[in-house]
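The values are calculated or read from the model by the stated rules, or taken from the named source; none is laboratory data. Worth saying up front: this structure is predicted, and the values here are computed from it rather than measured. In this analysis, Cβ positions are derived from the backbone assuming ideal geometry, glycine residues included, and neighbour counts consider all displayed protein chains. Accessible surface areas use protein heavy atoms only, side chains included; no ligands, DNA or RNA. Shrake-Rupley method; radii C 1.70, N 1.55, O 1.52, S 1.80 Å.
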Amino acid sequence: MSDTTPRYVQIDNWIFELKMVRALKVDEYGKPYSAIANCNINGENMYVDGLLTKEDEGISKEDFLTFLKFSKQLGLKGFSYHRYHNGESSVKDAHIDKLDSYEDFEAPEEKVETQQTIRLVK
């Protein structure tokens with residue numbers, strides 16, 4: 001049995017290719033979920049797009065490891081995600097062949113863009 005999941009299926013003269021996945025953080029399908037992410041697959045890489053959490057917590061170590069396992073299962077070479085921390089935006093890249101755990105992950109120091117904090121005052 002293969003360690004990877006096929007990313008395409010051919011039926012007749014059509015090939016159905018896995019290009020986008022919606023990920024839900026929930027214990028059982030159909031129940032209310034605490035986070036959602038859209039994952040776009042392009043070539044051998046995946047971009048985790050639009051990660052939203054119920055409590056606005058962002059991505060945890062456990063979440064990161066889950067996306068790492070999923071990427072490995074699809075046979076991808078890496079994935080990246082966008083996050084805001086202390087009002088600043090950055091893109092984090094994870095290269096699958098260099099990672100065995102979250103502790104192996106080193107986020108880039110370069111900041112992609114800065115977002116101004118807006119506060120509403122009554």
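Considering only protein heavy atoms, what per residue accessible area in square angstrom results for the stretch 18-99 with a 1.4 angstrom probe?
On a per-residue basis, the stretch 18-99 sits at 65 Å².
Let me check I've understood the local charge: for Thr5, count other residues with C-beta under 12 angstrom from its C-beta, Lys and Arg +1, Asp and Glu -1. What total comes out? Show your work: numbers first, answer last.
On the way: positive: Arg7, Lys69, Lys72; negative: Asp3.
Result for the neighbourhood of Thr5: +2.
So how exposed is Asp3, as accessible area in Å² (1.4 Å probe, rounded to 10)?
Rounded to the nearest 10, that gives 140 Å².
Give a residue-ordered list of calculated ³J(HN,Hα) values for the stretch 17-25 (Karplus: 6.51 cos²θ - 1.76 cosθ + 1.60, θ = phi - 60°; whole Hz; x for Gly, Pro).
So the Karplus estimates, Gly and Pro as x, are 10, 6, 10, 9, 10, 9, 9, 10, 8 Hz.
In a shell of Cβ-Cβ distance under 13 Å around Lys31, excluding Lys31 itself, what net charge do Lys and Arg (+1) and Asp and Glu (-1) give?
Once positives and negatives cancel, what remains is 0.
Can you give me the % of accessible surface on the stretch 18-99 that is carbon or sulfur? Probe 1.4 Å, all protein chains present, nothing else counted. Intermediate values should be presented prior to the final figure.
Values: 2550 of 5300 Å².
Answer for the stretch 18-99 is 48 percent, counting heavy atoms of protein chains only.
Taking 0.36 nm per intervening residue step and subtracting the Cα-Cα distance, what contour gain separates Lys69 from His95 on full extension?
Extending this stretch completely gives an extra 8.1 nm.
Does the stretch 18-99 classify as rounded, prolate or oblate by the C-alpha gyration tensor (a ≥ b ≥ c root eigenvalues; a/c under 1.5 gives rounded; else a/b over b/c gives prolate, otherwise oblate)? Write out the running numbers ahead of the final one.
Values: a/c = 1.74, a/b = 1.16, b/c = 1.50.
Oblate is the answer for the stretch 18-99, as a/c is 1.5 or above yet b/c matches or exceeds a/b.
Please compute the length gained on full extension between Lys54 and Asn86, using 0.36 nm multiplied by the number of residues separating them and subtracting their Cα-Cα distance.
Stretched out fully, the Lys54 to Asn86 stretch lengthens by 9.7 nm.
Students often get this wrong: which residues of the stretch 52-76 have the backbone nitrogen under 13 Å from the point 7 angstrom along Cα-to-C-beta of Lys31?
none
In whole Hz and in residue order, list the ³J(HN,Hα) couplings for the stretch 32-41 that follow from phi through the Karplus curve 6.51 cos²θ - 1.76 cosθ + 1.60, θ = phi - 60°; x for Gly and Pro.
x, 9, 9, 7, 9, 8, 9, 10, 9, 9
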